[in-house]
Ligand code: FES
């Protein structure tokens, strides 16, 4: 146990806000929101969340926050609720609005950091759902370095369509199948109506569930809490316990910097790859490690992935949803299997002060379940993520191998300078088997914001081209993407990366076992084209997008924003 014995002051920050004659004005205002003389003797605990009405993912968070606050109050703290934003990738996918998604990760982190530091919270619980709020919350927590954790809102339940479970991924692929004439308009509408039956995050091992799984194993979420689906009545009990737990963590004085190590990050990457998780973990873990001051590089993902088998049979590359993981015993069973198999290190700490191994020791597996497999009999012998390099991506790019059975691909480049043009070509039946669809100027700076290409990738799969067409982009992919899809190509086109030099018909070769991606062009030709390259006009010259484009780093560094040099 990591008990503190040095008498940690549970009001280590809020004393400066509410104690003494000079703070009378602050107390006067805080009385107006209901605080009492007694409350001024208690620690102030932030309850931050990304409730927003624009999507199902975060819709239950305000209600859950009330249960967290109750737990805090009954454990002797004063809860203070603050709100941040969220952007739904699923809703905005394929539109200009999707450019706001990755940008919002920084806004979520910045806004929670600012509210919590300005109002001097002694500890914090951050409720998050959806893709960017999870890493954004973890980044804020790490920057604040006060006792606290991220509480995942939880997955949606699966939809049911003609006797089988479906998720939002099925809708995206149905659009492609409809465009190809393989699915009727009525069936598409039926799938659309059935896919999302209530509140919660997208139901496969897409980015939100991948990040929630990884953050729980990393040590920034209490073990056993993330798996509980958002609509499940037990989620409110979990939220109440979270309120009590943060008070316990505060009394111990246990901060993120006491928990996070390079090994804990490697554990988080391992569980993500072991579940066939989203490529977006590469961006987000690089960014989170940077906030924690822990060295982590894009090559660490290869190293971990090579020694970690895929042991969960989850959508998008497998059969089951996040709710099935919960019914099989939860993320804790996956972690237990990986610890027993020597794939992650169980000695790392969690928010209770107990080690990961201690927390999962009693994980109860549902007899007969086949969602979570074993290290000895995995779904796939090595992990789902591979970093490729080559003359097209000197700084690296990422492919999810659990999403494809193809190891090599070689074909003519079909070059598009934005997602919309590529989508029009795919749905217009202009893409042929063997092609390599290239979508560029969609990188961190170019888009800006690295749009996810799920609309295009799902349309390719939906048209039956998933096994014969590759796609490469300096943008990103949704966790729901499957097929031979290479993202995060760095350096990006907007800064003159080699992907900017590609021309229609150039042959591109992808070699997954060799971890290579190359244009079959002489080096001199590539260099000559890049010497003639001119940067395009920026898509935005003012506002949040322009600020972001000015500050954002390469995808190979997590697309973090940083002060100009
Ligand atoms: Fe929110 Fe998928 S759009 S989790």
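Are any residues in the stretch 286-331 assigned to a loop (DSSP other than H, G, I, E, B) and over 15 Å from residue 167 (Cβ atoms), and if so, which ones? Correct list: 293, 294, 295, 296, 297, 307, 308, 309, 311, 329, 330.
Does the stretch 528-548 contain at least one residue that is buried (at least 22 other Cβ atoms within 10 Å of the Cβ) and touching a strand residue (DSSP E or B) at 6+ places or on another chain (Cβ under 8 Å)? So far as the stretch 528-548 goes, yes, one or more of its residues are buried (at least 22 other Cβ atoms within 10 Å of the Cβ) and touching a strand residue (DSSP E or B) at 6+ places or on another chain (Cβ under 8 Å). Count, please, the residues in the stretch 170-207 that happen to be within 12 Å of the ligand (Cβ to nearest atom) and assigned to a helix (DSSP H, G or I). Looking only at that region, the number is 3. Within the set 443, 383, the sole residue that is surrounded by 22 or more Cβ atoms within 10 Å (Cβ to Cβ), assigned to a loop (DSSP other than H, G, I, E, B), under 23 Å from the mean Cα position of the chain (by Cα) and modelled with pLDDT under 95 turns out to be 383. Screening the candidates 307, 319 for the property of being within 26 Å of residue 201 (Cα to Cα) and surrounded by fewer than 23 Cβ atoms within 10 Å (Cβ to Cβ) yields one hit, 319.
Checking 27, 15 one by one, the residue that is farther than 15 Å from residue 123 by Cβ, surrounded by 15 or more Cβ atoms within 10 Å (Cβ to Cβ) and out of contact with any strand residue (DSSP E or B) (no Cβ under 7 Å at 6 or more places or on another chain) is 27 and no other. In a residue-by-residue description of the stretch 404-424, the property of being in a loop (DSSP other than H, G, I, E, B) and under 17 Å from residue 179 (Cβ atoms) applies to no position.
Yes/no matrix, rows are residues, columns are (1) at pLDDT below 95; (2) more than 30 Å from residue 287 (Cα to Cα):
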| residue | (1), (2) |
| --- | --- |
| 121 | no, no |
| 149 | no, no |
| 169 | yes, no |
| 174 | yes, yes |
| 183 | no, yes |
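If only residues of the stretch 208-236 that are over 26 Å from residue 346 (Cβ atoms) and not in a loop (DSSP other than H, G, I, E, B) are counted, the one that is farthest from the ligand (Cβ to nearest atom) is 236.
Listed by first and then second residue, the pairs linking a residue in the stretch 533-551 that is over 15 Å from residue 443 (Cα atoms) to a residue that is at pLDDT 95 or above and in a loop (DSSP other than H, G, I, E, B), with Cβ atoms under 8 Å apart and 6 or more places separating them unless they lie on different chains, are 533/496.
Entry remark, the stretch 446-468: residues being assigned to a loop (DSSP other than H, G, I, E, B) and more than 23 Å from residue 396 (Cβ to Cβ) number 6 in total. Each residue in the stretch 30-43 was checked for being touching a helix residue (DSSP H, G or I) at 6+ places or on another chain (Cβ under 7 Å) and in contact (Cβ under 8 Å) with a residue 24 or more places away in the chain, and 1 pass. I'd like to check something: does the stretch 427-435 contain any residue that is over 16 Å from residue 278 (Cα atoms) and part of a helix (DSSP H, G or I)? Yes, the stretch 427-435 has at least one match. Would you check if residue 500 is at pLDDT 95 or above and surrounded by 14 or more Cβ atoms within 10 Å (Cβ to Cβ)? In short, yes.
Being within 16 Å of the ligand (Cβ to nearest atom) and either within 21 Å of the chain's Cα centre (by Cα) or over 16 Å from residue 409 (Cβ atoms) (or both) is the requirement here; does residue 479 meet it? Taking the combined requirement at face value, the residue satisfies it. Could you tell me whether residue 436 is closer than 22 Å to residue 297 by Cβ and touching a strand residue (DSSP E or B) at 6+ places or on another chain (Cβ under 7 Å)? Considered against the rule, which asks whether it is closer than 22 Å to residue 297 by Cβ and touching a strand residue (DSSP E or B) at 6+ places or on another chain (Cβ under 7 Å), residue 436 comes out as no.
Can you find even one residue in the stretch 80-95 that is more than 15 Å from the ligand (Cβ to nearest atom) and touching a residue at least 40 places away in the same chain (Cβ under 8 Å)? Yes: one or more hits. For the stretch 139-147, does any single residue satisfy the condition of being away from the ligand (no atom under 14 Å from the Cβ), at pLDDT below 95, surrounded by fewer than 24 Cβ atoms within 10 Å (Cβ to Cβ) and in a loop (DSSP other than H, G, I, E, B)? Looking through the stretch 139-147, none of the residues is away from the ligand (no atom under 14 Å from the Cβ), at pLDDT below 95, surrounded by fewer than 24 Cβ atoms within 10 Å (Cβ to Cβ) and in a loop (DSSP other than H, G, I, E, B). Mind listing just one residue for me: the one in the stretch 148-163 that is outside any loop (DSSP other than H, G, I, E, B) and either touching a residue at least 60 places away in the same chain (Cβ under 8 Å) or within 16 Å of the ligand (Cβ to nearest atom) (or both) and, of those, farthest from residue 228 (Cα to Cα)? This residue is 148. For the list (1) more than 16 Å from the ligand (Cβ to nearest atom); (2) under 18 Å from residue 109 (Cβ atoms), I need the number of the one condition that residue 51 fails. All conditions pass for residue 51, except number (1).
Of the residues making up the stretch 262-285, one or more are buried (at least 23 other Cβ atoms within 10 Å of the Cβ), at positive phi and modelled with pLDDT under 95.
For residue 212, are the conditions met, namely being closer than 20 Å to residue 51 by Cα and touching a strand residue (DSSP E or B) at 6+ places or on another chain (Cβ under 7 Å)? Against the criterion (closer than 20 Å to residue 51 by Cα and touching a strand residue (DSSP E or B) at 6+ places or on another chain (Cβ under 7 Å)), residue 212 qualifies.
The values are calculated or read from the model by the stated rules, or taken from the named source; none is laboratory data. Owing to the predicted nature of the structure, the values given are computational and were not obtained by experimental measurement. Positions of Cβ are generated from backbone atoms using ideal geometry, with glycine treated the same way; all protein chains shown enter the neighbour counts.
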